[in-house]
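First comes the structure, then the notes that go with it.
Where a number appears in this text, it was derived from the coordinates with a stated rule and is not lab data. Since the structure is predicted, the reported quantities are computational estimates derived from the model, not experimental observations. We place every Cβ from the backbone using ideal geometry, glycine too, and count neighbours over all the protein chains shown.
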Amino acid sequence: VLPDAQELLAGLNPQQEEAVKHAGSPLLIIAGAGSGKTRVLTHRIAHLLATKRARPGEVLAITFTNKAAAEMRERIEALVGERARNMWISTFHSSCVRILRREAKTVGLNSNFSIYDSADTLRLITLVAKGLDLDPKRFAPKAIASRISALKNELIDEETYASTANYSDPFQQAVAEVYKGYAERMRQANAFDFDDLIAQVVYLFQAFPAVADSYRRRFRHVLVDEYQDTNHAQYVLVRELTGAGEDIEPAELTVVGDSDQSIYAFRGADVRNIVEFEKDYPDARTILLEQNYRSTQTILTAANAVISKNPDRPEKRLWTAEGHGAKIIGYVGENEHDEARFIANEIDRLQDTEQLRPGDVAIFYRTNAQSRSIEDLLIRVGLPYKVVGGTRFYERKEIKDALAYLRVLVNPDDVVNLRRILNEPKRGIGDRAEYAVAALAERDRLSFMEALRRAEDAPGMATRSVNSVAAFVKLIDDLTEVANGSGAAAALEAVLEQTGYLAELRQSNDPQDESRVENLAELVAVVREYERDNPEGSLGGFLEQVSLVADADQIPDAPDDEGARLAKDQGVVTLMTLHTAKGLEFPVVFLTGLEHGVFPHQRAMADAKELAEERRLAYVGLTRARQRLYLTRSESRSLWGQSQYYPASQFIEEVPADLIDWKREGSRRPAFTSQENIRASRYGGSHWGAGRATGRPVASQSTAPAAVRQGRVQPQKEVIALTVGDQVSHSSFGNGTVLSLEGAGDKTVAKVKFGVGEKRLLLRYAPLTKL
Ligand code: ATP
Ligand code: MG
């Protein structure tokens, strides 16, 4: 039985209740962390349905990450049941993709467009810049890409920029030219990048008022979570959606946010959107929430102490009825391994003494690269864990190659992906042949695929290359047939088999290739899962889902086996960057790597604005904790094989000392020498800065198979002892016989003969038991 309107209000405090019931004007809810903003949104939606003020199809709820969207859908489903199916509950990006696919015809677009991620984008921008003979040292493609991204977020298109750029500034001139060429190539490739998704919908609405009106008529209630992180394009999109149309009343808009949690300025987020809401919507009602329901007083006091050091912020009163709770625990590791060891020991101890489950624990760090030392230790002690951050898996070469094939099958005009796979695996189509085809395409205004079909006309093409190209074209045609006739999973399997990609990896003696094979197997599992969940789904639909798995998102469900049952009951430890942690909560939180130059980030230390953003990030991290908070750092970290020493982060020092119980304090090292200082900044900038340069956190490279990294497979505590001739059982390959052993310790590789063939397995990770 679904709750009625009255039941939905039970348990809310008076301000929350007012926000849930409010009607008739735009509504702004501003409040600190854990005060129930997201809860108010979900209850408000349920209340709209219960009081018949809205039908499910009239609701558009927007969150910041796919994970947050899935969680919101779950919470709403718990309140309103099946009816949640007809609501749009999604990220800005997913909603926009949906709109663009539906409206593609209106604007003369092809609805099977590709979505380029930041790596694809950078590749194409590099190509365009090369074509313009720009010196990559003077005009780094990365810098150009990030400028173009910023322009798109500001809704400045290539033509507007071309007419407003200052041409006496060489960089602006370069950006203007590349932006133009890039936009042109994207149109030819029938592709959009991430920033386009939002901007193009805005342009669509502005150019076709009838289309805009159809959405205004449809969405009578628009609700946006984490409004403090919207950028200008998203802001305008919301205005377009909720604006008055021909004979249409403006939709009811609800936004919730916390300016202290604005952490995406580097992607163009603008807190002014929240600060100036009342100016933009003069009849808006503003409601403040002041009771925190998430954390203990100790945690809240610590978080408030840190954030209160930021200048120019209105003081918030946030209180909790939860009581003081446990003290914060502090630890200073001698190095990153010692820090990791402490964390693993503590999790172990809490499991024993407080029946804590691994799923209750989250470990946060500033940049992805820092997860390595923690992961290594968790694997060693056999604590199941997952790393949240979708790019990691999908950024791997073999996964990108396989997806590139699939993208080409759906959209043969997708030149970036087409060129990626042209000679992958090697099939005798070299650079010269590729350029000859590109020249033909240019000369005869053909798409790259069409030019491939006429390769014999390409100037300077060797006969041998003509044959290789013809074979490639035939391969793509055959695969396209499979994709059209038999669906996504069949297409992927055909790609892996018919291209010879898998065979090449299987023949390799490199253990890393073994793990590549496992990753591809994982991808096949992902497609199968997609087909199971979307019986009507197409290959295009699958690719779209993959494209939208943004960095903040991927928490895969464990598969249905022994390890999964364990994981379901006990959960697994969650590792993620602070950016990813937004909106989430955990009973136990470890905030790690609290070092000056790591967090706050090296680059932010000299810039007051950036330092303020780092501090907000610290506030987000601290306020994820419900009962227990750990603050850890290490005295040294190795960078490029050398130990670098770091002093404590100022964020630790800003936490009142009496709240922290130190388990190990820093040893009295001589003060940070200037020599080290220089080194730390020289290396620190580029190494730890990787995440910021591309505008999104960068994946850490790990040799652990995906299944292990995601905590699906219980990692071995130690390498199993085997001798040649032993009978073993593998969880996917079945029973087999050990043929040979190489290496020692955790590098031992066994060659095993299974029914499916011979395999080389790195014993440290292989799910293998001795019979
Ligand atoms: P953040 O700023 O981190 O996004 P938030 O303001 O969105 O936080 P929620 O996640 O909605 O906060 O709520 C924090 C926790 O408090 C959740 O566990 C939620 O269920 C709980 N909570 C919120 N309001 C109430 C209430 N009135 N009674 C009981 N629990 C509540
Ligand atoms: Mg929230």
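An oblate overall shape is assigned to the stretch 444-513, the ratio a/c of its alpha-carbon gyration tensor axes (a ≥ b ≥ c) being 1.5 or greater and a/b not exceeding b/c. Using 0.36 nm per residue and subtracting the Cα-Cα separation, the extra length available between R349 and N110 on full extension is 80.3 nm. For the stretch 177-288, the relative contact order is 25 percent, taking Cα pairs closer than 8 Å that sit 6 or more residues apart in sequence and dividing their mean separation by the residue count.
For the stretch 140-217, the relative contact order comes to 28 percent (Cα pairs under 8 Å, sequence separation of at least 6). Computed from point charges on the beta carbon alone (+1 for Lys and Arg, -1 for Asp and Glu), the dipole magnitude for the chain about its Cα centre is near 780 Debye. Net charge in the neighbourhood of K474 (other residues with Cβ under 13 Å of its Cβ; Lys, Arg +1, Asp, Glu -1) is -1. Taken along the Cα-to-beta-carbon direction at a fixed 7 Å, the label points for E481 and E665 span 7.6 nm.
Apply 1/(1 + (r/R0)^6) to the Cβ-Cβ distance of Q206 and S308, taking R0 = 30 Å, and write down the FRET efficiency to the nearest 0.05. Computed FRET efficiency for Q206 and S308 comes out at 0.10. Label positions at R528 and K753, each projected 7 Å from the Cα along the C-beta direction, are separated by 2.7 nm. DSSP beta bridges fully contained in the chain are about 35 percent antiparallel. Neighbour counting of Cβ atoms within 10 Å sorts the residues T160, T353, fewest neighbours leading, into T353, T160. When exposed loop sites are taken as chymotrypsin sites (Phe, Trp or Tyr not before Pro) in a DSSP loop with at most 12 other Cβ atoms within 10 Å, the longest stretch of the chain clear of them is 168-639.
Working from Cα pairs under 8 Å separated by at least six residues, relative contact order for the stretch 265-334 is 35 percent.
In terms of its C-alpha gyration tensor, the stretch 299-367 has an oblate overall shape, because the principal axis ratio a/c (a ≥ b ≥ c, square roots of the eigenvalues) is not below 1.5 and a/b does not outweigh b/c.
When shorter helices are ignored and each DSSP H run of at least 4 residues is given -39500 (n - 2.57), the per-residue value for the chain at 222 nm works out to -14500 deg cm²/dmol.
Measuring max minus min along each principal axis, the C-alpha atoms of the stretch 156-279 give extents of 45, 38, 25 Å (largest first).
Placing dummy labels 7 Å off each Cα toward the beta-carbon, the span from R55 to A471 is 5.8 nm.
At full extension, L2 and R357 could sit 124.7 nm farther apart than now, given 0.36 nm per residue minus the alpha carbon distance. With neighbours defined as other Cβ atoms within 10 Å of a residue's Cβ, the residues V202, V222 order from fewest to most as V202, V222. The stretch between N86 and E442, if pulled fully straight at 0.36 nm per residue, gains 123.5 nm over its current Cα-Cα span. Fewest neighbouring Cβ atoms within 10 Å first, the residues S486, S146 line up as S486, S146.
What shape does the chain take by its C-alpha gyration tensor, where a ≥ b ≥ c are the square roots of the eigenvalues and a/c under 1.5 counts as rounded, a/b above b/c as prolate, and the rest as oblate? Rounded, because the longest to shortest axis ratio a/c is under 1.5.
For the chain, leaving out every one of the trypsin sites (Lys or Arg not before Pro) that falls in a DSSP loop and has at most 13 other Cβ atoms within 10 Å, the longest unbroken run is 446-667.
Volume of the convex hull of the stretch 328-369 (Cα atoms only), normalised per residue: 93 Å³.
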